[in-house]
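A short write-up of the structure that comes next.
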Amino acid sequence: MLQSETMKLQTILLALLVFTAFFLRIYKIDQVPASLYYDEVDYGYQARSLIETGKDYRGSLSPFYVHSFNDIRAPIPAYFTALTTLLFSKPELQVRMPFVISGTLVVALVFFLMQFWSKKTFLPFLTALVFAINPWQIQFSRFSHEAMVMELFYLSGLLFFFISLKFKNYFQLLASIILFSLCLYTYRTMSFFIPITFLVLFILYNKHFLCFGVKKFSLLLLSAAFIMIPFLIFTTIKAPDIPRINQLAITSDPTIPIWIQRNREIDSGDLEDATLGKKAVFSSYIFHNKPLSWAYSFSSNHLQTFSVEFLFLKGDPNLRHSIGGIGEIFFIEALALISGLFYIVRNIKTREYKFLLIWFLAAPIPAALTVDGARHGARLFIFSAPLLIIIGIGWWYLFKNIQKINYHKRIIFLILVIWVFQFVVYYHRYLKHYPIESARYFGYGFKQAMSKISLEEDKYKKIAMVGTNDPPMIYYLFWSKTPPEYLQDYGSNFSDGRILQKKLDKYKVIDWPDIRTKEEMVKYLNMDTLYLLTQNELPKQVRDNIAQIKEIKLIDEIKYPDQQIAFYLLTKN
């Protein structure tokens with residue numbers, strides 16, 4: 001009877017936790033972040049294309065990727081987005097709900113995972129609570145990014161593995177291997193980390209893998225190879241965006257050859273010589289070379305992941321990945337992190353804790369191999385899971401030991417008050433300040449601009465959109481609800497002068513000339529063309545008096561939430 005009551009209470013508490021996690025992720029999801037940025041719109045349009053044509057919007061039909069304007073994307077997030085596109089009518093919900101749901105399910109998965117790792121009653125709840133209210137988890141649950149779906153698949157694979165371990169069930173082990181392998185189809189950084197995971201699990205649990213016999217073990221290997229190898233081939237050797245891959249690696253850092261040359265000049269005494277490139281002394285080849293420089297970059301990136309600056313002070317400097325001015329975890333959680341690491345090291349003989357510690361140390365490796373990976377919240381997202389699990393363990397161990405001292409209830413209450421206060425401050429900043437501060441990072445203004453273009457476009461022969469950091473055409477195609485088959489037929493080249501006698505000929509992405517006066521601009525404009533421009537394209541005398549210039553017809557000004565101009569829609573009067 002007592003056990004039944006305990007299970008009922010646990011079920012209620014888990015339901016409350018999951019509901020809390022869902023609420024924190026769904027509340028004002030159509031308003032915060034302030035707009036759908038390029039990757040979100042891209043996934044949204046890919047979803048429409050998959051639904052309406054059975055292909056991605058570039059006309060490709062591949063199980064290994066969806067082909068976008070600039071690169072290729074992992075397919076599973078696109079398939080998830082297609083499902084929610086069928087379920088919801090509002091674009092923001094269509095695009096963001098897969099990640100809201102994934103982030104919520106992760107909280108439940110962590111709870112069950114910790115139940116298998118430990119028989120402690122409150123440990124699973126504390127760990128799930130840490131995930132539910134963590135800024136890093138909430139951030140990536142509220143906009144479209146592959147990392148959130150990746151974590152869902154990875155934790156699912158891990159849970160199935162430990163279920164199979166407990167019940168000695170082969171089919172659950174096979175399911176685990178399949179889920180791990182499918183992680184590659186969620187986020188491309190997992191191409192490196194999943195083989196590490198397989199290696200670590202086999203070293204720690206080789207008896208479990210081999211206890212089912214050679215044939216069944218071979219089937220596990222074949223299943224992983226069948227899923228992973230074709231993906232690796234088609235997203236590396238045969239990838240349409242190999243230049244993109246090369247740009248990210250630390251081996252492509254353009255500053256490294258410069259510093260090698262500089263240091264070799266110092267070694268050979270050439271520093272003050274105007275003639276560069278004298279032959280370096282022999283020792284300089286030993287101390288100053290590319291492999292050593294790459295090793296230094298990797299180790300520096302790896303260590304920065306564990307820094308106070310990244311974890312507690314600033315987080316990712318990219319305002320899409322973090323709200324800025326706040327770390328990936330709360331200050332008060334430093335106590336739990338230290339406590340958790342101490343407990344794990346103290347119980348390191350337990351294989352689960354060995355795996356957790358290796359996971360914690362190895363997770364930053366894929367990000368550390370990239371040029372800007374030291375504080376990249378997305379590429380480091382797989383690191384967030386072991387970090388938060390350790391914090392959950394740390395809270396449990398800390399509260400357990402605090403209970404042994406006087407006034408323990410007051411101390412625990414004080415810790416909880418500080419923890420809740422820090423979360424409330426964070427969530428206030430997220431809902432109120434972040435939409436304004438991050439608007440530019442989320443492509444704010446494109447929705448308004450493209451909706452206005454859709455209303456005005458019949459009056460003009462040409463729609464000319466200046467190129468920005470984000471390709472403007474995908475925003476137009478998405479917000480104007482242009483049928484994806486039009487793009488499949490036309491191609492992705494919307495450069496000025498390319499005419500195919502097709503519907504999309506009207507829309508061009510233009511290179512704006514260096515115009516510095518009102519007269520030059522008026523001369524350049526055409527009355528048959530509607531222009532989408534930013535402040536960078538308008539001379540100051542035009543920006544300051546645009547409403548009074550008779551030769552220019554201002555259709556609309558689209559402003560950021562801070563009232564700065566995002567876009568001008570105008571033509572020649």
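If you work out Rg/Rh (Cα atoms, Kirkwood Rh) from the coordinates, which of [x] 1.06; [y] 1.02; [z] 0.94 do you get?
Correct label, based on the coordinates given: [y].
From the helices alone, meaning DSSP H stretches of at least four residues, give me the mean residue ellipticity at 222 nm for the chain, per-run term -39500 (n - 2.57), in deg cm²/dmol to the nearest 500.
Computed ellipticity for the chain at 222 nm equals -18500 deg cm²/dmol.
Could you sort the peptides 315-323, 199-207 by per-residue average Cβ neighbour count (10 Å cutoff), highest mean leading?
315-323, 199-207
Quick one: angle between helix 38-53 and the longest Cα principal axis of the chain, in degrees between 0 and 90, rounded to 10, please.
With rounding to tens, the tilt is 90 degrees.
What are the aspartates and glutamates whose alpha-carbon lies under 15 Å from the alpha-carbon of residue 207, with same-chain residues fewer than 8 places away excluded?
Cross-link targets: 352.
Skipping prolines and chain starts, which residues have an amide H placed within reach, meaning under 5 Å, of the one on residue 462, given they are 5 or more residues away or on another chain?
530
Given R₀ = 30 Å, what would the calculated FRET efficiency be for residue 523 paired with residue 481, taking r from the Cβ atoms and rounding to 0.05?
That gives a FRET efficiency of 0.25.
What angle, in degrees between 0 and 90 and rounded to the nearest 10, separates the Cα long axis of helix 446-456 from the longest principal axis of the Cα atoms of the chain?
40
What is the antiparallel percent of DSSP beta bridges lying wholly in the range 445-572, to the nearest 5? Could you put the intermediate results ahead of the total?
Working: 10 of 19 bridges.
If I count the DSSP bridges inside the range 445-572, around 55 percent turn out antiparallel.
Which of the lysines could a cross-linker span from residue 508 if the Cα-Cα distance has to be under 22 Å and same-chain partners fewer than 8 positions apart are dropped?
Partners within reach: 447, 452, 459, 461, 462, 481, 523, 553, 572.
Nearest 5 percent is fine: what portion of the DSSP beta bridges confined to the chain is antiparallel?
The antiparallel fraction comes to roughly 60 percent.
If you keep only loop residues by DSSP, which trypsin sites (Lys or Arg not before Pro) in the range 503-573 have at most 15 other Cβ atoms within 10 Å of their Cβ? Can you show the working numbers first?
Details: sites: 503, 506, 508, 516, 518, 523, 540, 543, 550, 553, 559, 572; in loops: 516, 550.
Counting only loop positions with at most 15 other Cβ atoms within 10 Å, the trypsin sites (Lys or Arg not before Pro) in the range 503-573 are 516, 550.
Amide H to amide H under 5 Å from residue 510: which residues, 5+ apart in sequence or cross-chain, H placed 1.01 Å off N in plane?
Placed amide hydrogens put 465, 466, 467 under 5 Å from residue 510.
Looking at the range 1-84, which trypsin sites (Lys or Arg not before Pro) are DSSP coil and have at most 13 other C-beta atoms within 10 Å of their C-beta?
28
Based on other C-beta atoms within 10 Å, arrange 571, 6, 534, 85 from fewest to most. Working shown, then result.
Numbers: 571 20, 6 11, 534 16, 85 23.
Listed from fewest to most nearby Cβ atoms, that is 6, 534, 571, 85.
Rounding to the nearest 10 and keeping the result within 0 to 90°, find how far the Cα-based axis of helix 214-232 lies from the longest principal axis of the chain.
Helix 214-232 and the main axis of the chain meet at about 20 degrees.
Each reported figure results from applying straightforward, stated rules to the coordinates on display, with no laboratory input. Predicted model, so just to flag it, every value in this text is computed and none were measured. With ideal geometry, Cβ positions are generated from the backbone for all residues, glycine too; neighbour counts draw on all protein chains shown.
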